[in-house]
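S.K.: Provided herewith is a single structure, encoded as structure tokens, for subsequent inquiry.
The values are calculated or read from the model by the stated rules, or taken from the named source; none is laboratory data. Every value quoted in this text rests on a predicted model; they were computed, and no experiment measured them. No Cβ is skipped: glycine too gets one built from the backbone with ideal geometry, and neighbour counts run over all protein chains shown. Side chains are part of the model used for accessible areas, which takes the heavy atoms of the whole protein and leaves out ligands, DNA and RNA. Shrake-Rupley method; radii C 1.70, N 1.55, O 1.52, S 1.80 Å.
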Amino acid sequence: SGARQSVSAAAYGAWNQKKAFTPPVHPKDDATKARVREVLSSSFMFKALDEKDLATVVDATEPVALGEKERVIKQGDDGDFMFVVMDGQLDCYKKFPEEENEKLVKTVEKGDCFGELALLYNCPRAASVESRGACELLKLDSETFTNIVSEAARKKRERYDAFLQKVDLLKGVDSYERSQIADALASESHTSGAVIVKQDDPGDKFYIVEEGTAKAMKSKGGVETEVKQYQAGDYFGELALLRNEPRAASVVATADCQVLTLDRRSFKRLLGPLANILTRATEQYK
């Protein structure tokens with residue numbers, strides 16, 4: 001029965017595989033694509049997408065034009081698409097149990113998303129959405145949303161969470177705090193020899209090396225000296241943020257390098273409690 005078991009296991013495996021997903025394409029000219037890309041990039045919902053996935057979503061969105069007082073979503077309906085506002089304002093109305101009239105619960109405008117909750121939680125529409133005046137929207141189908149957008153956010157968090165657990169600086173951080181840091185991280189690529197940080201520039205980012213290597217170079221009286229080397233899991237750029245001073249050294253990639261960055265606001269909010277550890281570790285730059 002060994003052979004028969006392996007055949008049925010293979011059949012089950014094939015059946016159990018996620019079916020291949022082909023995203024829709026709604027053709028757009030370059031100017032429209034650029035505008036769609038700009039709006040999506042400013043929306044938190046699409047922040048986790050890499051370049052390839054963002055291009056797929058830009059192609060998959062379908063432009064929708066509305067006149068005044070048109071309803072695109074009705075409370076209680078099933079949801080199989082979400083919207084991003086390109087232009088105009090829309091009001092969200094909710095009818096509460098025991099109440100006769102709807103209540104205005106919020107207004108959405110350019111860059112805002114709506115309709116994603118029904119897709120994320122597979123539940124009926126929680127509110128009705130009506131245009132105030134003429135509006136331009138982008139409509140995104142549930143399959144593209146599920147396969148690319150929510151999948152990218154989940155993958156980003158998992159990938160960065162696993163990596164952040166190996167960063168010595170963050171050893172004492174709990175899983176909830178770590179997931180908040182993971183959500184706030186952005187990724188940058190630098191080729192070997194590229195200057196990632198320049199001495200004396202103002203500092204607005206904190207860096208963690210994800211892949212590759214780099215070195216810190218300090219310039220004094222026209223002479224450059226190597227003061228530190230970095231590899232995966234090491235961090236730099238904290239000094240300028242901790243002390244509100246210019247960059248104390250330049251950091252140059254010594255191999256092709258992938259770094260994760262936190263902007264000043266996220267650094268203060270999320271890593272503020274680690275300031276003492278960070279300050280102790282800065283002696284190496286003296």
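S.K.: Quick one: is Arg247 surrounded by 18 or more Cβ atoms within 10 Å (Cβ to Cβ) and in a loop (DSSP other than H, G, I, E, B)?
M.R.: Numbers: surrounded by 18 or more Cβ atoms within 10 Å (Cβ to Cβ): yes; in a loop (DSSP other than H, G, I, E, B): yes.
Criteria met by Arg247.
S.K.: Conditions first: (1) surrounded by 20 or more Cβ atoms within 10 Å (Cβ to Cβ); (2) in a loop (DSSP other than H, G, I, E, B). Ile208 passes all but one, so which condition is the exception?
M.R.: So Ile208 meets the others, but not (2).
S.K.: Please specify each residue of region 133-162 satisfying the condition of being out of contact with any Ser or Thr (no Cβ under 8 Å at 6 or more places or on another chain) and either outside any helix (DSSP H, G or I) or of a type in the set (Val, Ile, Thr) (or both). Spell out how you get there, then give the answer.
M.R.: Step one: list which residues in region 133-162 are out of contact with any Ser or Thr (no Cβ under 8 Å at 6 or more places or on another chain), which gives 133-137, 141-143, 145-147, 149-156, 158-160, 162.
Passing the criteria: Gly133, Ala134, Cys135, Glu136, Leu137, Asp141, Thr146, Val149.
S.K.: From the set of residues in region 111-129 that are charged (D, E, K, R) and modelled with pLDDT under 90, which is most open to solvent (accessible area, probe 1.4 Å)? Lay out the reasoning, then the answer.
M.R.: Going through region 111-129, the residues charged (D, E, K, R) turn out to be 112, 116, 125.
In the following step, the residues that additionally are modelled with pLDDT under 90 were identified as 112, 116.
Numbers: Asp112: 57, Glu116: 27 Å².
Taking the candidates together, the pick is Asp112.
S.K.: Scanning for something in contact with a Pro (Cβ under 9 Å, 6 or more places away or on another chain) and open to solvent by less than 90 Å² (accessible area, probe 1.4 Å), does region 88-109 turn up at least one residue?
M.R.: Of the residues in region 88-109, the ones in contact with a Pro (Cβ under 9 Å, 6 or more places away or on another chain) are none.
Scanning region 88-109 turns up no residue that is in contact with a Pro (Cβ under 9 Å, 6 or more places away or on another chain) and open to solvent by less than 90 Å² (accessible area, probe 1.4 Å).
S.K.: Now for a separate question. As an exercise: evaluate Asn276 against (1) at pLDDT below 80; (2) within 27 Å of Lys156 (Cα to Cα); (3) surrounded by fewer than 19 Cβ atoms within 10 Å (Cβ to Cβ) and give the number of the one condition it does not meet.
M.R.: (2)
S.K.: Under 7 Å between Cβ atoms, at least 6 apart or on separate chains: pull out the pairs that start in region 35-64 with a residue that is in contact (Cβ under 8 Å) with a residue 24 or more places away in the chain and end on any residue that is among the small types (Gly, Ala, Ser) and in a helix (DSSP H, G or I).
M.R.: As it stands, the answer is Ala48/Ala152; Ala48/Ala153; Leu49/Ala152; Asp53/Ala152, since those pairs meet every condition given.
S.K.: While we're on this one: Quick one: in region 156-175, of everything that is closer than 16 Å to Asp234 by Cβ, open to solvent by 30 Å² or more (accessible area, probe 1.4 Å) and not basic (Lys, Arg), which residue is modelled with the highest pLDDT?
M.R.: Residue satisfying both the conditions and the ranking: Gln165.
S.K.: Now for a different question. Looking at this structure, is Ser219 more than 26 Å from Lys155 (Cα to Cα), assigned to a loop (DSSP other than H, G, I, E, B), open to solvent by 10 Å² or more (accessible area, probe 1.4 Å) and among the small types (Gly, Ala, Ser)?
M.R.: Values: more than 26 Å from Lys155 (Cα to Cα): yes; assigned to a loop (DSSP other than H, G, I, E, B): no; open to solvent by 10 Å² or more (accessible area, probe 1.4 Å): yes; among the small types (Gly, Ala, Ser): yes.
No.
S.K.: Return a yes/no flag: does region 22-41 have any residue that is farther than 16 Å from Ser128 by Cβ, of a type outside the set (A, V, I, L, M, F, W, C), open to solvent by 90 Å² or more (accessible area, probe 1.4 Å) and modelled with pLDDT under 80.
M.R.: no
S.K.: Restrict the check to region 182-198 and report whether at least one residue is open to solvent by less than 60 Å² (accessible area, probe 1.4 Å), without any contact (Cβ under 8 Å) to a residue 40 or more places away in the chain and closer than 29 Å to Asp53 by Cβ.
M.R.: Yes, region 182-198 contains at least one residue that is open to solvent by less than 60 Å² (accessible area, probe 1.4 Å), without any contact (Cβ under 8 Å) to a residue 40 or more places away in the chain and closer than 29 Å to Asp53 by Cβ.
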